[in-house]
1. Say whether the condition of being outside any helix (DSSP H, G or I) and hydrophobic (A, V, I, L, M, F, W, C) is met by at least one residue in the range 108-128.
2. Has the range 13-23 got at least one residue that is over 14 Å from the mean Cα position of the chain (by Cα) and surrounded by 18 or more Cβ atoms within 10 Å (Cβ to Cβ)?
3. Checking the condition under 20 Å from THR141 (Cβ atoms), assigned to a helix (DSSP H, G or I), among the small types (Gly, Ala, Ser) and in contact with a strand residue (DSSP E or B) (Cβ under 7 Å, 6 or more places away or on another chain), which residue from GLY18, GLY13 passes?
4. Specify which of the listed residues (ILE247, ILE239, ILE178, ILE205) is surrounded by 21 or more Cβ atoms within 10 Å (Cβ to Cβ), over 17 Å from ASP96 (Cβ atoms) and free of Cβ contacts under 8 Å to residues at least 60 places away in the same chain.
5. Among the aliphatic types (A, V, I, L, M) and either surrounded by fewer than 20 Cβ atoms within 10 Å (Cβ to Cβ) or at pLDDT below 95 (or both), is that true of ALA8?
6. Taking into account only those residues within the range 208-220 that are more than 18 Å from VAL10 (Cβ to Cβ) and surrounded by 17 or more Cβ atoms within 10 Å (Cβ to Cβ), which is nearest to the chain's Cα centre (by Cα)?
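The values are calculated or read from the model by the stated rules, or taken from the named source; none is laboratory data. All values derive from a computational prediction rather than experimental measurement. Positions of Cβ are backbone-derived with ideal geometry, glycine not excepted, and every protein chain shown enters the neighbour counts. To get the accessible areas, we keep the full protein, side chains included, count just its heavy atoms, and leave off ligands, DNA and RNA. Shrake-Rupley method; radii C 1.70, N 1.55, O 1.52, S 1.80 Å.
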Amino acid sequence: MQFKDKVAIVTGGTRGIGKAIVLELAKRGCNVVFNYNKNADAAGALVKEIESMGQRSVSFQINAASFEGAKTMVKEVKGAFGRIDFLVNNAGITRDKLLALMSENDWDDVINTNLKSVYNFSKAVITQMIKQKAGSILNITSVSGLMGMAGQVNYSSSKAGMVGFTKALAKEVGKVNITVNAIACGFIETDMTASLPQEYKDKMIEMIPVKRFGKPEEIAKTAAFLLSDDAHYITGHVISVDGGLAI
């Protein structure tokens with residue numbers, strides 16, 4: 001699975017799963033562009049790491065929930081690289097609360113960052129991919145969108161929305177050689193899960209058949225496969241990488 005001279009956009013690329021996907025694609029010869037929200041130092045360091053592998057990279061400081069921001073970023077990537085082969089919609093946040101305590105902002109922030117961003121970037125790249133008659137879109141969703149999680153009505157809703165988006169768009173664009181898939185992540189070792197209380201993490205591990213959290217690199221390797229030509233007869237599917245949690 002080599003991606004020499006291919007061009008990928010990854011949203012939320014500086015941390016956790018997003019960073020692992022960025023590095024996995026770069027390692028396989030892909031030029032990788034990503035956005036970030038706040039940490040310019042982390043973004044700059046990641047660009048340098050990609051360039052040290054011999055690939056081109058650019059970072060953009062934009063909010064993935066911004067329609068105009070996504071549109072501008074994609075336009076600049078097309079101008080600089082001439083094509084866009086892959087889009088990985090990874091940007092995501094949590095604002096966990098019971099629904100009775102959840103504010104409107106808690107709901108809106110999660111839906112806009114996690115789900116509207118998928119619309120923003122997919123809308124921005126799809127015309128170019130149709131012109132190319134080639135491309136792959138990969139949405140990073142969660143088992144929370146398949147099972148539902150107490151205290152995550154907003155997050156579970158956003159991730160379930162990504163599943164429906166994946167299946168519907170796959171039906172629209174399959175005829176022009178574009179695949180659309182998703183990975184439903186379980187509990188992965190990231191900053192997001194590191195902040196969970198240890199008691200809760202222990203309880204979750206007991207529910208996972210393989211008895212551990214996953215690693216970002218395990219998601220990244222699955223992502224590389226789904227974007228590759230080896231998986232080009234797979235579309236509209238949600239692959240769970242969760243240690244068996246959602247069985």
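1. There is no residue in the range 108-128 that is outside any helix (DSSP H, G or I) and hydrophobic (A, V, I, L, M, F, W, C).
2. First, the residues of the range 13-23 that are over 14 Å from the mean Cα position of the chain (by Cα): none.
No, because not a single residue in the range 13-23 is over 14 Å from the mean Cα position of the chain (by Cα) and surrounded by 18 or more Cβ atoms within 10 Å (Cβ to Cβ).
3. On the way: GLY13 fails: assigned to a helix (DSSP H, G or I).
Checking each option against the conditions leaves just GLY18.
4. When all the criteria are applied, what remains is ILE178.
5. no
6. Ranking the qualifying residues of the range 208-220, first place goes to GLY214.
Okay, residues lined up against (1) within 18 Å of the chain's Cα centre (by Cα); (2) open to solvent by less than 10 Å² (accessible area, probe 1.4 Å):
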{"residue": "GLN55", "(1), (2)": "no, no"}
{"residue": "VAL58", "(1), (2)": "yes, no"}
{"residue": "SER66", "(1), (2)": "yes, no"}
{"residue": "MET73", "(1), (2)": "yes, yes"}
{"residue": "TYR119", "(1), (2)": "yes, no"}
{"residue": "ALA124", "(1), (2)": "yes, no"}
{"residue": "LEU138", "(1), (2)": "yes, yes"}
{"residue": "GLY148", "(1), (2)": "no, no"}
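Yes/no per residue for (1) basic (Lys, Arg); (2) touching a strand residue (DSSP E or B) at 6+ places or on another chain (Cβ under 6 Å); (3) assigned to a helix (DSSP H, G or I):
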| site | (1), (2), (3) |
| --- | --- |
| LYS71 | yes, no, yes |
| LYS78 | yes, no, yes |
| ALA100 | no, no, yes |
| LEU146 | no, yes, yes |
| TYR155 | no, no, yes |
| GLU172 | no, no, yes |
